[in-house]
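Here's the structure we're looking at; comments come further down.
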Amino acid sequence: MSPKRILIAVDDFTTSHLERIQQTVGNRAELVVLPQNAPETKYRAALRNAEVAVGWPKADWLIDTPVKFLQIGSSGWDDYQNKGLEEHGIALCNGRGKYSVGVAEHAIGMMMALVRRIPAHVRDKDERKFRRHLPYPSEIAGSTALIVGLGDIGTELAKRCKGLEMKTVAIVRRPREPSESVHEMVLLADLKTAVQQADHIFLTMPGSVENINLFSRDVLTCAKPTAYLYNLSRGTTIDEPALFELLRDNKLAGAGLDVTTVEPLPEDSPLWKLGDNVLITGHSAGLSTGHTDRFCQLVCRNLNLYLTEQSLENRVL
């Protein structure tokens, strides 16, 4: 019997990563490596000869191919929902947990930068100005962090917020076991009340249909004018025009936006015109040297599970 064929189309994987994957599968499978953005004709031809794919092929490319298992590297899998994968017997696993550390650290970095007015000081440096900015900034220690979504990312973020001596409050959809890093858990039904009490609001929930516009104008206007908001989830979770108006009118102290409703953010978006109290970081929060290693480890574990006909990790379909 010829070995199974596994298509790898992940540009972040180095030779060392690919060697690790090959060692995992041994002579049970053959690896076929393709550039992540290979031409459609070449990509689809490779899929027609593969049983497993690792990467982000379009969902319709998988139909009527021998592919039985797709491993993507992102946590979000919106592009594969209701696309017929289940009907064609294709298992889908996401990359949940791969980006958690990077996103949590990025969130803390944005918070520190905004509270301590680092963007303004960077601009001062460029203009050769040596000065203090008034009024004095608030302190992070003793402030309240509201973490909306206590998954892998939210959990990593809560650890870091607690370590900074912040009070950590988490929004959850249903009651769950206590967490060492969370002082208080609040159900989604009480979101407005929790927003009213928060100094720093972190959005770390999935970009699912049920979370679209969760932070509506009605919810956003509950925030204190001294509060900061950080979106590390999906742009669709926020009423973006309402957020812009609140920031423009100084009804929010600032925002750190790693994601926006439309990506890349259009050049004519009014968000670009806001001042030093707004950071836009181009959906890069999860990127770090560690995320690729974690993805490789996940791929190795899941390939071994697949080849030994065991339950897959992070399976969503």
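The values are calculated or read from the model by the stated rules, or taken from the named source; none is laboratory data. Bear in mind the structure is a predicted one, so any value in this text is a computation, not a measurement. Here the Cβ positions follow ideal geometry from the backbone for every residue, glycine too, while neighbour counts run over all protein chains shown. For accessibility, only protein heavy atoms count, side chains too; no ligands or nucleic acids. Shrake-Rupley method; radii C 1.70, N 1.55, O 1.52, S 1.80 Å.
Which distance in Å, rounded to a whole number, links the C-alpha centroids of segment 263-293 and segment 38-66? Segment 263-293 and segment 38-66 have Cα centres separated by 30 Å. Could you tell me what percent of the accessible area of segment 1-74 is made up of carbon and sulfur, with a 1.4 Å probe and every protein chain present? Roughly 49 percent, rounded to a whole number.
Give, as a single signed number, the net charge of other residues whose beta carbon lies under 12 Å from the beta carbon of Q197, with Lys and Arg counted +1 and Asp and Glu -1.
Values: positive: K167, K192, K224; negative: E184, D190, D199.
Result for the local shell: 0.
Partner lysines whose Cα lies under 21 Å from the Cα of K167, excluding those fewer than 8 positions away in the same chain, are identified as K159, K192, K224.
Less than 5 angstrom separates the built amide H of M185 from those of A170, all sequence-distant by 5 or more or on a different chain. 3J(HN,Hα) along segment 252-269, derived from phi through the Karplus expression 6.51 cos²θ - 1.76 cosθ + 1.60 where θ = phi - 60°, amounts to 9, 6, x, 8, x, 10, 8, 10, 9, 4, 10, 10, x, 5, x, 4, 8, 5 Hz, with x in place of Gly and Pro. Charge tally for L92 (other residues, Cβ to Cβ under 11 Å; Lys, Arg +1; Asp, Glu -1): +1. For segment 197-232 versus segment 114-167, the inter-centroid distance based on Cα atoms is 17 Å. For R5, nonlocal amide neighbours, meaning residues 5 or more places apart or on other chains whose placed amide H falls under 5 Å from its own, are E30, E51, V52.
At an R0 of 51 angstrom, the distance between the Cβ atoms of K192 and N49 translates into a FRET efficiency of 0.40.
Taking amide H atoms as placed 1.01 Å from N in the peptide plane, the amide H of L279 lies under 5 Å from those of A255, G256, L257, each 5 or more residues away in sequence or on another chain. Per residue, the chain exposes 52 Å² of solvent-accessible protein surface, assessed with a 1.4 angstrom probe and all protein chains in place. Within the shell of other residues whose beta carbon sits under 12 angstrom from the beta carbon of W61, the net charge comes to +1, with Lys and Arg scored +1 and Asp and Glu -1.
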